[in-house]
Amino acid sequence: MAKRKPRAASAYRRKEAVREPYDVVLIVCEGEKTEPAYLRGMRNVYRLSSANITIVPGNGNDPVSIVKHAFEEYRRAGEIYDRVFCVFDRNGHANYQEAMNLIAASQIGRDGKLQEITSVPCFELWVLLHFAFSTAPFVAAGGRSACDNVINAVRVHMPEYDKALSDVFERLHPQLDTALSYGERLTKHNRDTDSVNPATRVHELVRYLRELKK
């Protein structure tokens, strides 16, 4: 029996992702774990090409650093991106408003290509909306930050929740329609009442990504 020829090393390499005929998107996240894990999980579940959807943590963990990193990556890539999203939290950041001003003053911001996806106090509010709707403000109390208190509220419904969960989207996916509905409802409430806590725009990004291939 003839010996089987050994396969070349190149045969074991994963095929490079192929760009598909929908928007090319850059998403720069403040968090290094939860936000990228959630969005990469969504990209996988909805079979979006990683050649179209680039998800990266920012160079720094404050809103201005996130926005500046998005500017740099947009220019470095030769302006290939149709849309750029900066995902960051309010959560006590002193330069939160400065970051939004940078976006509004930029050319790509004015063109509608660059958008902030903010959460008050933090991204975990979006996680909570997969389970429950609330307009009650989250504030620091009892030695815990406002975000700590959001996480505690999440754990009422999802005891295993942790920022390091790599499959957070897959676990939350069955409740995604609920979260989208609650996110839009909260936005309307905030618009009608001039409230800013709690608040999130993550549903805007999620709906956009979910409908990209349509």
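Contact order normalised by length for the chain, with contacts defined as Cα pairs under 8 Å and 6 or more residues apart; what percent is it? Display every interim value, and only then the final one.
On the way: 328 pairs, mean separation 46.7, N = 214.
Once normalised by length, the contact order is 22 percent.
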Please name whichever of Ala99, Ala164, Gly60 sits farthest to the positive end of the charge dipole of the chain, dipole taken about the Cα centre and charges placed at Cβ: Lys and Arg +1, Asp and Glu -1. Ala164
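If R₀ is 41 angstrom, what is the calculated FRET efficiency for the pair Glu170 and Ala105, using the beta carbon separation as r and rounding to 0.05?
It comes out at approximately 0.60.
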What value does region 10-134 have for Rg/Rh, both radii from Cα atoms and Rh as Kirkwood defines it? 1.00
Which one of Tyr38, Gly112, Ala141 is farthest out on the positive end of the charge dipole of region 1-156, using unit charges on Cβ (Lys, Arg +1; Asp, Glu -1) and the Cα centre as origin? Tyr38
With label points built 7 Å along Cα→Cβ from the Cα atoms of Glu32 and His157, find their separation and express it in nm. 2.9 nm
Tell me which aspartates and glutamates have Cα within less than 16 Å of Lys113's Cα, excluding those fewer than 8 residues away on the same chain? Asp23, Glu72, Glu73, Glu79, Asp82, Glu204
Rounded Å value of the spacing that divides the Cα centres of region 19-38 and region 130-174: 21 Å
Evaluated at q = 0.12, 0.15, 0.16, 0.18 Å⁻¹: base-10 log I(q)/I(0), Debye formula over Cα of region 21-210: -0.55, -0.89, -1.02, -1.30
Strictly under 4.7 angstrom between C-beta atoms: which cysteines of the chain have no such partner? Cys29, Cys86
Arg76 versus Arg207, label points 7 Å from Cα toward the beta carbon: distance in nm? 3.3 nm
Full-extension gain in nm, Asp177 to Arg144, via 0.36 nm per residue minus C-alpha separation: 8.8 nm
With label points set 7 Å from each Cα along the Cα-to-Cβ direction at Thr193 and Glu16, the distance between them in nm comes to 5.1 nm
Dipole moment magnitude, nearest 20 debye, the chain about Cα centre, only Lys, Arg, Asp, Glu C-beta charged: 1380 debye
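Just so you know, all these numbers are worked out from the coordinates, no wet-lab data involved. Every value quoted in this text rests on a predicted model; they were computed, and no experiment measured them. Here Cβ is always computed from backbone atoms with ideal geometry, including for glycine, and neighbour counts include all displayed protein chains.
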